[in-house]
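Rule-based calculations on the coordinates, nothing more; no lab input. All of these numbers come straight from a predicted model, not from anything done at the bench. Here the Cβ positions follow ideal geometry from the backbone for every residue, glycine too, while neighbour counts run over all protein chains shown.
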Amino acid sequence: MAKTPHYYEQVYEVTTLIPFGRVTTYGAIADYLALGSARMVGYALRNSFSGMNIPAHRVVNHKGELSGRKAFPTPTLMEELLQAEGVLIQDNKVMDFKQLFWHPAELEKEV
């Protein structure tokens, strides 16, 4: 069962707030929104490639792996985009994942 476009819009809004050179996880976004699951966040982001300018490449799995890379137009694009932001990738995994991890709850600390 698909979630409503409203849910996708919320996922996109949070994803656009991920700072340049940082990453978050599907689960962190799902927890922050208190809606759906990590898998639903992945579904939403898979539908974001139609020119919406959503930085889906900054969302990885809970281990820091580029598990969504196959949903990108080319299998290496996710890695290329992260590397262009200075994120080091090795074997399809973010190096220094814990240091680069950003949780959407950090937004509330900034207010």
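Before moving on, here are some points about what is shown:
- Computed label-point distance, nm, for sites Met95 and His6 using a 7 Å Cα→Cβ extension: 4.5 nm
- Inverse mean reciprocal Cα-Cα distance (Kirkwood Rh) of the chain, Å: 13.9 Å
- Each residue of the range 56-61 was assigned a 3J(HN,Hα) from its phi angle through the Karplus curve 6.51 cos²θ - 1.76 cosθ + 1.60 (θ = phi - 60°); the sequence is 4, 5, 8, 10, 10, 7 Hz, with glycine and proline shown as x.
- Per-residue ³J(HN,Hα) for the range 83-100, Karplus 6.51 cos²θ - 1.76 cosθ + 1.60, θ = phi - 60°, Hz, x for Gly and Pro: 4, 5, 9, x, 7, 7, 10, 9, 6, 6, 9, 6, 6, 6, 3, 4, 6, 8
- Karplus (6.51, -1.76, 1.60) ³J(HN,Hα), θ = phi - 60°, over the range 37-42, in Hz, Gly and Pro reported as x: 9, 4, 4, 5, 4, x
- Lys-Lys pairs in the chain that are eight or more residues apart or on separate chains and whose Cα atoms lie under 19 Å of each other come to 4.
- Among Thr24, Thr76, Thr15, residue whose mean-square fluctuation peaks in a GNM of the chain (springs only between Cα atoms under 10 Å): Thr76
- Under the simplified labelling scheme, the Thr16-Thr74 pair shows an inter-label distance of 2.7 nm, with each label point 7 Å from Cα along Cα→Cβ.
- The mean sequence separation of alpha-carbon pairs under 8 Å and at least six residues apart, normalised by the residue count of the chain, gives a relative contact order of 29 percent.
- Cα radius of gyration and Dmax for the range 52-91 (Å): 9.5, 28
- Proximity of backbone amide H atoms, modeled 1.01 Å from N, is registered between Val60 and Thr24, Thr25, Tyr26 at under 5 Å, excluding neighbours fewer than 5 places apart on the same chain.
- A Gaussian network model of the chain, with springs between Cα atoms under 10 Å, assigns the largest mean-square fluctuation among Pro73, Pro55, Pro19 to Pro73.
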